[in-house]
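Presented below is the structure to which this report refers.
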Amino acid sequence: MADEESQEPELNDKQKIEITKWFLLNSPAGEIQYVAKDIQAVLKDDNLYNLAALEAFPLYNKSHMICLEIPGGVGDVLITSSGELSETEYLDPRTAQVAIIDHVKQVCTEVRPATDEELPSPYVEEFRCALDAEIIKYVDEAYPKGICSVYCIGGKDVEGPGFDFELAVVISAARHSPQNFCNGSWRSVWNVEFKDDLQMLEVRGKLQVGAHYFEEGNVQLDASHECKDSTFFQSPEDSAISICNIIRHHETEYLTSLQVSYSNLPDTTFKDLRRKLPVTRTLFPWHNTMQFSLTRDITKELGIGK
Amino acid sequence: MEAAMGLMRRIHPKHAETALSALLSLLPEHSTDLLSQVDQPLQVLCDIDSGKEFILCEYNRDADSYRSPWSNKYHPPLEDGPYPSPELRKLEIEANDVFAIYRDQYYEGGISSVYMWEDENGGFVACFLIKKDGSKSGHGRRGYLQEGAWDAIHVIEVEPEEEGTARYCLTSTIMLSLTTDDKSSGRFSLSGSIRRQMNMDFSVADGHLCNMGRMIEEMESKLRNSLDQVYFGKTKEMVCTLRPPSEVIQMRLPDS
């Protein structure tokens, strides 16, 4: 084999930054710090790395909905685009606080109370709070280590009936076991549109599940699902219960369908790639070369294997 | 280099090609190592003479040309590329024919190629490759898969030992991905790559092809099962850890 001489032109800084960003953004859940270490070693240029990290980490953190501890032990804050006030400030509606974070270090550096402008109106807050209370109960029950939050993402200044507003329920559960070479994450975002004129709630859910197992190998699961539902516009408490039932129902159904997909693997789905055994149900007769010419002719004649 | 391999283990298998070309451009001085150690999906060319496709890999490449196992010619043509000796070429031809039938029995479609070349110790190296597109638009018999790919690379080093036996060192790499997509359950995608080794001694009475074939068959079955049960199984375990299937789901009714 001839030794490959590099004919690639030397990369410019911009290209190196783009490549670094790509690796960071495509890190599996919980692994960005490991990827960061490796890409720094490959890149061998801390300045370029820092520039790339500044752009990549915020996107990664929001898309993976990471959860950071608020200093002072008052709880956690979810980093999502629904709760983003500015690139480094994220609202925690439950405690009406704003967390200031360092994306690259993935820590919350300080916290301050939210201003009135940053919070929804009392009318909307009633609905948000009731829904939050129901969701907490659901997440506690269904997810061993789930974090959730409810944000107002539309119509937050609506004072009373007569106008629409929109809430977003975010549920994020992650499990990191680097010592077992396994990491995973479940993210669901449910958008609830409160349509005043129709007196209906339109619910749209987007679920994303990922898992990565890499002991002497590298296997990843990537699954996603979108669904819709609707219910009546009721009092804050009753709306909350209906919405939560919808979410619970769809998420449970989705988990079941994931399990079905897995159980179909060995005998059904995988078969389209490679059978466990030939149709003859015996191992391939390597020793019998005569049989080969015969088999080949039969194969052609009967059109087997077309 | 270690860092580069670390990155390849973490990046999603479906991004393996992009990741490798990114690493090659960042570390041009390590290109030989990267190309030989990093698994990448197989590419295919069509042999002009026979109209049959053949698989491209480092083992049939010289400069920018690839040797077809069907016609034994380089595409695009080369002045003086390396060729196996006439004897080895005979074995190579038979291996290609037999392996094609094996491939058909297990894969019901797909493409295979075998390349052989002499090494410096009086033995030889054989590379068996299989590429299968299992998607419904490809060779997926049952139409389950939106997208499905299986790439297998088996490299066997054969060294003759004392009277009548030979040592076979097999390194196998399997890369696969499968995706199902339907309205009720959304998109479900699994992909992965693993590499394993196996060393065995056989008598050469049955012939090299028979010995190598048996090893490959055993290895492929082991790896298929391993991927399915262990590897995919672990991802399933993780999902059920994140959100355990609950036997009893209480639906709360409004108090009014």
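Pairs of Cα atoms under 8 Å, at least six residues apart: use those to get the relative contact order of the range A:1-119, whole percent.
In percent, rounded to a whole number, it is 17.
What accessible area per residue comes out for the range A:207-267, rounded to a whole number of Å², with a 1.4 Å probe?
36
For helix A:289-302, report the angle its Cα long axis makes with the longest principal axis of the Cα atoms of chain A; keep it between 0 and 90° and round to the nearest 10°.
So the inclination is approximately 60 degrees.
Name the residue farthest towards the positive end of the dipole of chain A from the options A:Pro278, A:Cys129, A:Ala56, assuming +1 on Cβ of Lys and Arg, -1 on Cβ of Asp and Glu, about the Cα centre.
Farthest along the dipole direction, towards plus: A:Pro278.
Let me confirm one metric for peptide A:177-187, namely the mean number of other chain beta-carbon atoms within 10 Å of its residues' beta-carbons. List each step's numbers first, then the result.
On the way: counts 2, 0, 0, 3, 2, 5, 2, 8, 3, 5, 0.
The per-residue average across the peptide is 3.
Just how large is the dipole of chain B about the Cα centre, in debye to the nearest 20, putting +1 at every Lys and Arg Cβ and -1 at every Asp and Glu Cβ?
Approximately 1640 debye in magnitude.
Accessible surface of A:Glu87 in the full protein assembly, 1.4 angstrom probe, to the nearest 10 Å²?
110
Given the whole protein assembly as supplied and a 1.4 Å probe, what does the accessible area of B:Lys73 come to in Å², nearest 10?
100
If you roll a 1.4 angstrom probe over the protein chains with everything in place, what fraction of the accessible area of the protein assembly as shown belongs to carbon and sulfur, to the nearest %?
50
So what's the Cα pair-distance distribution over the protein assembly as shown, bin width 10 Å, in %?
Bin by bin from 0 Å, the calculated values are 3, 15, 22, 22, 16, 11, 7, 3, 1, 0.
Got a sec? What order do B:Asp182, A:Asp196 fall in by accessible area at 1.4 Å, biggest, i.e. largest, first?
Largest to smallest exposure gives the sequence B:Asp182, A:Asp196.
Total Å² of accessible surface buried at the A-B contact, 1.4 Å probe, nearest 100? Show your work: numbers first, answer last.
Working: alone 19150 and 15920 Å², together 26100 Å².
Chains A and B together bury roughly 9000 Å² of accessible area.
Using heavy-atom solvent-accessible surface (probe 1.4 Å) with all chains present, what is the largest-first order of A:Leu277, A:Leu198, B:Leu176? Intermediate results must be reported in sequence, preceding the final value.
On the way: A:Leu277 65, A:Leu198 105, B:Leu176 5 Å².
Solvent-accessible surface, decreasing: A:Leu198, A:Leu277, B:Leu176.
So with the 1.4 Å probe, I'd like the accessible area per residue for the range A:1-132, rounded to whole Å².
That works out to 51 Å² for each residue.
Report the local net charge at B:Arg187: Lys and Arg +1, Asp and Glu -1, summed over other residues whose C-beta lies under 12 Å from its C-beta.
-3
The values are calculated or read from the model by the stated rules, or taken from the named source; none is laboratory data. Computed from a predicted model, the values in this text were never measured in an experiment. Counting neighbours? That spans all protein chains shown, and the Cβs are built from the backbone with ideal geometry, glycine included. In case anyone asks, the SASA skips ligands and DNA or RNA and just uses the protein heavy atoms, side chains included. Shrake-Rupley method; radii C 1.70, N 1.55, O 1.52, S 1.80 Å.
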